[in-house]
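Have a look at the structure below, then the notes.
The values are calculated or read from the model by the stated rules, or taken from the named source; none is laboratory data. The shown structure was predicted, so the numbers you read here are calculated from the model rather than taken from an experiment. Cβ sites come from the backbone with ideal geometry, for glycine too, and all protein chains shown count toward neighbours. With ligands, DNA and RNA removed, areas are computed over all heavy atoms of the protein, side chains included. Shrake-Rupley method; radii C 1.70, N 1.55, O 1.52, S 1.80 Å.
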Amino acid sequence: MRNTHLAPRFRALALAAALLSPAAALAAPSSPSCEVDRPVRFSGLNWESNLVLAGIERYVLEHGYGCKTSVEIGETLPMLAALQRGDVDVTPEVWPGQIEGAWKKALASGKVLGVGHVYDAGEGWYVPRYTVERHPGLKTAADLARFKEVFADPEDPGRGRIYGCPAGWACGTLNDNLLRALGLDKDYSLFAPGSGAAQKAAIVSAYKRKRDIVFYYWTPTSLVGALDLVKLELPPFDQAAYTCMTDPKCAKPVATEFKPNPVVTGVNAAFAKEAPRLTDFLSKLTVPDDAIDATLGWLETEGKEPDDAARYFLKQYGPVWRQWMPADVADRVQAALARE
């Protein structure tokens, strides 16, 4: 047990020795001092992996770097504009391939940087495996033309329904153009759920009832990992076709596989200059596929919030995140986790 009753003389001598000894001074734990004197503002894009990443980064900044943080909830393109204006400082998960034109313009403006390599993400149109077993001829997205009765739209039974992106998401443009490129717009309606939660609920409900459903989804996500799904084949990736598919004004879309997405962290350029240590941390942040899949799976099975999943990740994957930051910062984060 620590002795709190040292005589004043000994306490004074100990203090003097510490002040005079360079080694002691170096060994003393440093107090965190944030590089900015205001809250660091994060984009809270409304899907699970982004919100979990924002939670991880905010926890590290608050407990490791001594910063205050805030989060602004919004959709992809409006938050990209906010990042350019400096209304937010950090977007934890940017998919450059999905917003190719807008992202190139943002980088060319000099007001936005893309740093690091968070992980590789993917997209596609999926059906349950039991649907393929019932209909073996369904292998490609183009095959859907022969199966509109299987995926009948409950609001328009003469047409099929494909569950696309939630309303307002950037992937809506890709799905709209892909539908036209495949010639499916004559027979199918592309349904836009009101939110990511509504999209997920519709898919899970159909799956539990063994109903046939075709839908757009992305990885890494707990849903794709938890369900037995088949990704419908698309033509090989073609950059020119894909660039047009990301454009809302694409006149003659040509079908192509979704582009593999190396996800990066979006940082406001002025913030990066103001906070080089924080930007260095963000540039080193990379998450192994199995770690993000397991974290999102925990979020799904436990029914918790993204901030809970962020702390789960930090408690489970210390060897991963300690590589992103100096040792003293990591020690402060670890100490904060131990106090919880």
- Item | Directionally averaged projected area (convex hull, Cα atoms, the range 192-306), nm² | 10.7
- Message: Students often get this wrong: which residues of the range 125-163 have the backbone nitrogen under 14 Å from the point 7 angstrom along Cα-to-C-beta of Lys210?
- Response: 129-135
- Which of Ser31, Ser49, Ser195 moves the most in a Gaussian network model of the chain with Cα springs under 10 Å? Ser31
- Query: Residue farthest toward the positive end of the dipole of the chain, with Cβ of Lys/Arg at +1 and Asp/Glu at -1: which of Leu182, Cys244, Val36?
  - Reply: Val36
- Note on the structure: antiparallel share of DSSP beta bridges within the chain, to nearest 5, in %, is 60
- Would you kindly find the accessible area of Lys105, with a 1.4 Å probe and non-protein molecules such as ligands, DNA and RNA excluded, rounding to the nearest 10 Å²? 150
- Relative to the compact-globule scaling 2.2 N^0.38 Å, provide the ratio for the alpha-carbon radius of gyration of the chain. 1.22
- Item | Surface/4 of the Cα convex hull for the range 276-340, nm² | 4.6
- Query: For the chain, with every protein chain kept in place, what is the accessible area per residue (1.4 Å probe, Å²)?
  - Reply: 48
- Computed over the Cα atoms of the range 159-209, what is the convex hull's projected area averaged over all directions, in nm²? 3.7
- Note the per residue figure in Å³ for the convex hull of the C-alpha positions in the range 173-254. 121
- Note on the structure: Under the 7 Å Cα-to-Cβ spin-label approximation, Lys249 and Leu107 lie apart by a distance in nanometres of 2.2
- Determine the dipole magnitude for the range 239-318: charges of +1 sit on the beta-carbon of Lys and Arg, -1 on that of Asp and Glu, nothing else is charged, the reference point is the Cα centre, and the result goes in debye to the nearest 20. 420
- Task: Express the carbon and sulfur contribution to the solvent-accessible surface of the range 31-76 as a percent, rounded to the nearest whole number, probe 1.4 angstrom.
- Result: 48
- Message: Just want the answer: with Cβ charges of +1 for Lys and Arg and -1 for Asp and Glu, which residue in Met79, Ala170, Val320 is farthest toward the dipole's positive end in the chain?
- Response: Val320
- Message: I need two numbers for the range 88-225: Rg to one decimal and Dmax as a whole number, Cα atoms only, in Å.
- Response: 16.9, 53
- Item | Apportionment of accessible area to carbon and sulfur, the range 258-340, percent (1.4 Å) | 50
- With +1 on each Lys and Arg Cβ and -1 on each Asp and Glu Cβ, and nothing else charged, work out how big the dipole of the range 191-309 is about its Cα centre, in Debye to the nearest 20. 420
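Would you mind working out the magnitude of the charge dipole of the chain relative to its Cα centre, with +1 at each Lys and Arg C-beta and -1 at each Asp and Glu C-beta, to the nearest 20 Debye? Could the numbers behind the result be given before it?
Numbers: 38 positive and 41 negative charges, 115 e Å.
The calculation lands at about 560 debye.
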- Item | Calculated FRET efficiency for the pair Ala167/Asp37, C-beta based, R₀ 45 Å, to 0.05 | 0.75
- Among Pro306, Pro253, Pro235, the residue with the largest mean-square fluctuation in a Gaussian network model of the chain built from Cα contacts under 10 Å is Pro235
- Given H placed on each backbone N at 1.01 Å, which residues far from Glu93 in sequence or on other chains put an amide H within less than 5 Å of it? Gly266
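Can you check how the C-alpha radius of gyration of the range 68-120 compares to 2.2 N^0.38 Å, as a plain ratio?
1.10
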